[in-house]
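K.L.:
Take a look at this one; I'll ask things after.
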């Protein structure tokens, strides 16, 4: 089972870096905000704040885990006053941590998306699916057995109807048996 939450962060001249890592505890006494399970982040949109001066270019860079090593690339470039004040993104980060950094401009730039938490109940769902599959296979076997039983009964009925009332069929006389 997956639980989805709205996620957002604002980067500006006072806060140029944000690290998304839901597994890190901020306060050892505050366990209410720590979720166990698989975390994924889907960043869907970047919006430039309306107070950004005209012609100011703002760039956000992301650092995340790649296949063999960490990767660092710019993912958002927005320019104030040009009508390019927002962009649609589709950035999936399957593993924390992810670092967002405002590397050019003063912002603010707002990043919006979904934080998904797999609660670990997915395994139970898979086990339930296996049980359902086994029940379905058993039902199919029973249906096949019933079908075979019906076919056998049909053969017996057909054999009996060919024998004219249950008596053995007459055999033709052979020349040596002629009176």
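Here, each number is a calculation from the coordinates, and none is a lab measurement. Computed from a prediction, not measured in an experiment: that's the story for all the values here. Don't worry about glycine lacking a Cβ; one is built from the backbone with ideal geometry, like all the others, and counts go over all protein chains shown.
K.L.:
Can you tell me the length gained on complete extension of the stretch residue 19 to residue 142, counting 0.36 nm per residue apart and subtracting the Cα distance?
P.N.:
38.6 nm
K.L.:
When only C-alpha pairs under 8 Å and at least 6 residues apart count, what is the relative contact order of the range 2-120, in percent? Each step should come with its number before you reach the end.
P.N.:
Details: 276 pairs, mean separation 56.2, N = 119.
Over the range 2-120, the number comes to 47 percent.
K.L.:
For a test of the definition: using alpha carbon positions, the gyration tensor, and the 1.5 limit on a/c, classify the range 2-120 as rounded, prolate or oblate.
P.N.:
In terms of gyration-tensor shape, prolate.
K.L.:
Right, something else. How much length is gained on full extension from residue 149 to residue 9, taking 0.36 nm per residue of separation minus their Cα-Cα distance?
P.N.:
Result for the pair: 43.6 nm of gain on full extension.
K.L.:
Put a dot 7 Å past each Cα toward the Cβ at residue 99 and residue 56; how far apart are the dots in nm?
P.N.:
Spacing of the two 7 Å Cα→Cβ label points: 2.4 nm.
K.L.:
Take residue 110 and residue 86, extend 7 Å from each Cα along the Cα→Cβ direction, and tell me the distance between the two endpoints in nm.
P.N.:
0.8 nm
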